[in-house]
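Notes to accompany the following structure.
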Amino acid sequence: ENSPAPLPERAIYGFALFLGSWFGFILYLIWAFIPETWLFTLGLTYWPQKYWAVALPAYLLVAIGVGYILLFGINMMSTAPLNSTDTITDNYAKKQQQKKFQEEAIPALRDIPISEVNRMFFLPEK
Amino acid sequence: AMEERRYRSASGAPIALRRRQHSASCRELAVRCPRLQLRSLSAVTCAVWLAAYGLFVLSENSMVLSAAIFITLIGLIIYLHFVKIDQESLLVIGSLGIQVTSSYASGKESTTFIEMSQVKDVVINEAIHMQKVIYYLCILLQDPGDPQGVSEVVPLFQSSKPRLDCLIEVYKSCQEILEQRMTAPQSS
């Protein structure tokens, strides 16, 4: 039922957004460039200060730049330290149920304890 | 019997692993890190003193120079006593426990002893550390309530960070002693 194919409703939403964004952009340009006195003569006296026409884009760009650094930092903070048990196991592995071993069948998927994995990798088979 | 072999640390620095067999159930493994290089010490000292001289030229205050000398001396002492590790060693005694020792460049030694009943296993674990995935050796401590559980992970060789080939040698040596626990259980 959820296909990405074009539909008439989607075309209408798209066109409305297109017109809306052009309207918003022209309004922003008018607010930023037309002198205050001209706006007052038109009767538009309660618009925000023109300071914000420059301040908001500046805030947005700095926020995007800081956001990159913030994301990097949050990632580093969320990484488990070397001495935590989260590097070895977690709640799902602790509570897993053992399926019975069947002959001639592929063994069921399970979390193998780290001691067993180490013995298989690093101790040579006799 | 004692033997020493050269390996590399995770960052490429040369390290040496020394293995001593004291008896059938007692082994000592020591990893020696490279000593403080004279060229890096001179480089850091020159950089700090040049910066201090630049500040002195700007501010005309001679206290900056004496402060720089003081900071360099105190910084070097703090680095040698608290940061620069010379040797990390692991002493595994089969029936008793495992002792982990770190010796600093100033001569200070910090020791931790873990009783054998608390030790579940010594394994090589992989984890993410500062944008790298490294192998490190760690002691798994037994959870008293749950025979399969791990209560704590004690990472070893944290400042020398040997590479996998060195870790495999240490792992095999430790496992030879830990296996004896299973075959010869002693009631205490």
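The values are calculated or read from the model by the stated rules, or taken from the named source; none is laboratory data. In this text, all values refer to a predicted model and were calculated from it rather than measured experimentally. Every residue, glycine among them, receives a Cβ derived from its backbone with ideal geometry; neighbour counts consider all protein chains shown. Calculation scope for accessible area: heavy atoms of the full protein, side chains included, ligands and nucleic acids excluded. Shrake-Rupley method; radii C 1.70, N 1.55, O 1.52, S 1.80 Å.
For the stretch B:93-104, the criterion of a residue being in contact (Cβ under 8 Å) with a residue 12 or more places away in the chain, of a type in the set (Phe, Trp, Tyr) and either in the same structural domain as B:LYS132 (by the TED database) or over 24 Å from B:TYR136 (Cβ atoms) (or both) is satisfied by at least one position. With a requirement of 1 or more residues that are within 14 Å of chain A (Cβ to nearest Cβ), the strands (runs of 3 or more DSSP E) lying completely within the stretch B:71-188 that satisfy it span B:97-104, B:109-115, B:119-129, B:132-143, B:146-155. Taking residues in the stretch A:90-113 that are small (Gly, Ala, Ser), and partners anywhere that are open to solvent by 100 Å² or more (accessible area, probe 1.4 Å) and part of a loop (DSSP other than H, G, I, E, B), the pairs with Cβ atoms closer than 8 Å and at least 6 places apart or on different chains are A:ALA108/A:LYS99.
Within the stretch A:85-125, can you find the residues that are assigned to a loop (DSSP other than H, G, I, E, B) and of a type in the set (Lys, Arg)? Matches in the stretch A:85-125: A:LYS95, A:LYS99, A:LYS100, A:ARG110.
Checked against (1) over 30 Å from B:GLU176 (Cβ atoms); (2) under 37 Å from the mean Cα position of the chain (by Cα), A:THR37 passes all but a single condition, namely (2).
Of the residues making up the stretch B:92-130, those that are within 22 Å of B:ARG32 (Cα to Cα), surrounded by 14 or more Cβ atoms within 10 Å (Cβ to Cβ) and among the basic types (Lys, Arg) number 0. Here is a check on your reading of the model: is A:ILE112 within 14 Å of another protein chain (Cβ to nearest Cβ), β-branched (Val, Ile, Thr) and surrounded by fewer than 11 Cβ atoms within 10 Å (Cβ to Cβ)? It is true that A:ILE112 is within 14 Å of another protein chain (Cβ to nearest Cβ), β-branched (Val, Ile, Thr) and surrounded by fewer than 11 Cβ atoms within 10 Å (Cβ to Cβ). Considering only the stretch B:138-162, state which residues are among the charged types (D, E, K, R) and either under 23 Å from the mean Cα position of the chain (by Cα) or buried (at least 18 other Cβ atoms within 10 Å of the Cβ) (or both). B:GLU152, B:LYS161 - these are the residues of the stretch B:138-162 that are among the charged types (D, E, K, R) and either under 23 Å from the mean Cα position of the chain (by Cα) or buried (at least 18 other Cβ atoms within 10 Å of the Cβ) (or both).
Taking the conditions exactly as written (open to solvent by less than 10 Å² (accessible area, probe 1.4 Å), assigned by the TED database to the domain that holds B:ALA10 and of a type in the set (Ser, Thr, Tyr)), does B:TYR135 satisfy them or not? Reasoning before the result, please.
Values: open to solvent by less than 10 Å² (accessible area, probe 1.4 Å): no; assigned by the TED database to the domain that holds B:ALA10: yes; of a type in the set (Ser, Thr, Tyr): yes.
Here the answer is no, as B:TYR135 does not meet what is asked.
When residues of the stretch A:78-106 are filtered for being open to solvent by 100 Å² or more (accessible area, probe 1.4 Å) and over 28 Å from B:GLU152 (Cβ atoms), how many remain? Count: 7.
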